Amino acid sequence: MKVIYRIAKTELQMLFYSPIAWLLLICFVIQTGIIFSGLFGDFVREMEEYGHAWRASRTLFAVGDHGLGLWPQVLNFLYFYIPLLTMGMVSRDLGSGSIKLLYSSPISSTQIILGKFLCMVFYALILVAVLCVYLIVGWSSIEDFEAGWVLCGLLGVFLVVCTYMAVGIFMSSLTTYQIIAAVGTFIILMLLNMVGSWGQGYDFVREITYWLSINGRAGTFISGMLCSEDVIYFPAVIAMFLALTIIRLNAVRQKQRFVITCGKNTIVIVVVCVIAFVSSRPSLIGYYDATHTKLNTLTPVSQDIIKQVEGGMTITSYVNVLDRSYSTYRFPGFIMQNQRYFRQYTRFKPEIELKTVYYYAEPDNDLRSADPTGEKTWAKAKYVCEIHDLDSMMLKNQHEIDQMVDLSEEGYTFIRQIVRENGQKDWLRVYDYGLNKQPEEAEISVALKRMVMELPKIGFVSGHREASIYDKSPMGYNFIAGNKKVQFSVWNQGFDVEDITLDKPIPEDIDYIIIADPREAYSEYNEAILQAYLDRGGNMLFLGEPRHREALNPTLRKLFGVELTLLLVSIDKENQVTPEITRSKPTKVAKDLMYELGKVWLLANPTCSGVEVVENKGFESFPVTLNDTTALCWTELETTDFIDDTVKFDPAVGEECKVFTTVMGLTRKVGDKEQRIIISGDSDILSNNAFMTNNRIGSLSQVLILGSSYWMSYGKAPLDVRRPATTDNKVFMSVGTYSVLEFMIRWIFPFLLIGIYFYLWLRRRGR
């Protein structure tokens, strides 16, 4: 060990005698200083202007609201530095002949290489020390600094640097020309980033080459996650290149035959491949989430669900090459991508098996010419295979896929199917409407929950011209309950749905009912059915419209003691809002009860009524949403044409201007549980039209159905996959102090290093 240390010390002295080490260090300080001061300055100014700096730790060092943080940006340019540092580590000795002196000494090739690598590690630690300066600045000035997360990312940067250096030393041992060694290092690093795409068509090869790829490895660390697979990767790859270097030197030193050298190299590579295969087994992978909010870990509710899913499970992805979005799921890259996608679930249930089946059939979303007979389908599939360099013989045809699974109802588009060991099945769909196209934790966990638990059930009332879950028109309710391609439909968020009528008692297994804009008055018999349901403690979401208030108010007054007001109109100060659209705000009490409502600031209510208590029926009432008080709001009696006529408030005709409750909550004690009722003066807020806006993302009004459903199901669904709020939202540094810090980082530190270099250079010249 002493020999290795002495070699490392000597190499380090020689390294810093050369201007290249100083030049690269100075460039590194300048480049990182500019990046950090720019990012940190944004936070200081944001804090000064707005009083907060959201998720400062993550954004500053990882990836956040302002783009790439310091660690990812360092990795983006770091591979330019290392080849210039390592190009002469061995090639210099080979070119000058000094390697023969080492060969003649009692020092082994292993000691030589380990000593040189230790020298590079020391230099890497110097680079890390520079980065630690920025870490200390952030730690000392950011409230509740995410130290574990940031240190985890720094570890990833350090391991990447050490890996690059091992590659550089290996390439330096292959040639006497330093520039060739540098270029060769660039090539090897490029190959290490590309190897993950090699041999992806073969299962065993795919997993090994994907494991060998360095691309994205540090990203796991930067995201705040320690994964044993990634932790093992860097030492294994470092050891492989160092071993190859030692074998190379021994081959030259001992004049070994080429076959023997190749055999030794093969053994080293095979050992690393075995390590790769074993360490990537889901059952053997260990995890540690260093983030404060456990951002990389399933929430407790999802963990509880997956614990109840006993036995084996297969998740099969069915990919149609004629699907419009095939490029997203194309073979073979999607297979390993899919494994990463479900890593959070395989972490807690390693026995999950992931499969992918590629086939061809006429999909519903095919933009190419339709082929009902199927005569041209094979020709189109072969053409797609040629474009994407895919072996068409691996595809299953429609007949074969139909024998495996029925995809006709899904339109032969991309879909995943979950199949348990006991035969239970469910689908994981790709959404046409929603914030995300792919199912996220909430939707995946709901699919698993549906297999092991009884889900709450919603009864949609029909029979009096209510908005229907089967109606796909703009004013229908198909999107929130009937369309499983909508991410925020109650089905995908954890509810079963049943169509019910009021000509017979409401089933006992109904958790709550939805009555959406009935256009006919209810009979006494219907009211008796509703009363019986309420008497047993049933919950209800009632959505009315001002144009139907005459038919609805008698029933609302009889059952709940409330009425709908006349149509509300609203005009803001700039008169920029359509009068019949009332803007409303969720109240604090509602946000506390229905957390989904906390995601929005304003809701838009087209043709809305207010909801008012007119009689005491034993309910406690509270406002869920109130009209926006920044705009004048009143009940309109005169105007019917809101396009051409001028709308104005006229109290003389009985119009009333005040703060209106647009959605009201009612509660009372029934037996041993709290009965929960929500009455809305607007039904259009949950219509299909609300979800067909905003580039298929959906209206913010989706929070009303999700929030009310959560409250009325007593928290059973939607699944509460919230994480604790971040607390690193303040930066304790003034703009003036930052200006001084910026000057020091950008100017003082680099010139200080330049001064140290010239001092040592002049001192050496004097000697």
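Here is how the numbers come out for the structure above:
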| item | result |
| --- | --- |
| Spherically averaged projected area in nm², based on the convex hull that wraps the Cα atoms of region 300-429 | 8.5 |
| Restricting region 473-575 to GluC sites (Glu not before Pro) in coil, as DSSP defines it, with at most 15 other Cβ within 10 Å | Glu508, Glu520, Glu574 |
| Pairwise FRET efficiency - Leu602 versus Ser228, Cβ, R0 = 41 Å, nearest 0.05 | 0.30 |
| Net +/- balance of residues flanking Val600 in space, Cβ distance below 14 Å, scoring K and R +1, D and E -1 | +3 |
| Residue among Ile305, Cys273, Tyr318 farthest towards the positive dipole end of region 264-331, charges placed on Cβ | Cys273 |
| Estimated [θ] at 222 nm from DSSP helical runs (n ≥ 4, -39500 (n - 2.57)) normalised by residues in the chain, nearest 500 | -14500 deg cm²/dmol |
| Set Lys484/Lys585; Lys457/Lys485; Lys425/Lys484; Lys617/Lys673; Lys376/Lys437; Lys457/Lys484 screened for pairs whose C-alpha atoms are more than 23 Å apart | Lys484/Lys585; Lys376/Lys437 |
| Radius, Kirkwood style, for region 454-712 when every pair of distinct Cα atoms is counted (Å) | 18.5 |
| Taking the convex hull of Cα positions in region 509-568, its mean projected area over all directions (nm²) | 4.2 |
| Relative contact order (%) - the chain, alpha-carbon pairs under 8 angstrom, separation at least six | 13 |
| Stokes-Einstein translational diffusion, region 213-305 - Kirkwood Rh over all Cα pairs, 0.890 mPa s, 25 °C, in µm²/s | 156 |
| Point-to-point label distance, Glu49-Glu441, nm (Cα→Cβ direction, 7 Å offset) | 3.2 |
| Contour excess over end-to-end distance, with Cα ends at Met194 and Tyr714 and 0.36 nm allotted per residue | 182.2 nm |
| Inverse mean reciprocal Cα-Cα distance (Kirkwood Rh) of region 99-171, Å | 14.5 |
| Share of alpha-carbon pairs per 5 Å distance bin for region 581-718, given as whole % | 2, 9, 17, 20, 19, 14, 9, 6, 3, 1, 0 |
| Stretch gain in nm, segment Tyr470-Ile30, where the contour uses 0.36 nm per residue and the Cα spacing is subtracted | 152.1 nm |
| Summed side-chain charge close to Ser570 - residues other than Ser570 whose Cβ falls under 9 Å, Lys, Arg +1, Asp, Glu -1 | -2 |
| Cβ-based net charge around Leu242, under 13 Å, with every Lys or Arg adding one and every Asp or Glu removing one | +2 |
| Positive-end residue of Leu249, Gly482, Tyr123, charge dipole of the chain with Cβ unit charges | Leu249 |
| Dipole moment magnitude, nearest 20 debye, the chain about Cα centre, only Lys, Arg, Asp, Glu C-beta charged | 5860 |
| Within region 300-429: Cβ-based charge dipole about Cα centre, in debye rounded to nearest 20 (Lys, Arg +1; Asp, Glu -1) | 560 |
| Two-decimal log10 I(q)/I(0) for region 441-488, as the Debye equation yields it once each C-alpha is a single scatterer, q = 0.16, 0.25, 0.32 Å⁻¹ | -0.57, -0.97, -1.17 |
| Gain upon complete extension [Leu637, Phe649; 0.36 nm per residue less C-alpha separation] | 3.4 nm |
| Relative contact order of region 454-712, defined on C-alpha pairs under 8 angstrom at six or more residues apart (%) | 21 |
| Cα pair count fraction exceeding 42 Å, expressed as % - the chain | 48 |
| Of Met712, Ser141, Phe28, farthest towards positive along the dipole that unit charges on Lys, Arg, Asp, Glu beta carbons give the chain | Phe28 |
| Simple spin-label estimate for Asn689 and Thr266 in nanometres, 7 Å along Cα-Cβ | 7.3 |
| R0 of 51 Å, Cβ-Cβ distance Val740-Asp432: FRET efficiency to nearest 0.05 | 0.40 |
| Residue exposure sequence - Cys633, Cys385 - by fewest surrounding Cβ within 10 Å | Cys385, Cys633 |
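Coordinate-derived values only; no laboratory data. As the structure is a computational prediction, the values presented were derived from the model and not from experiment. Please note: Cβ atoms are built from the backbone with ideal geometry, for glycine as well, and neighbour counts cover all protein chains shown.
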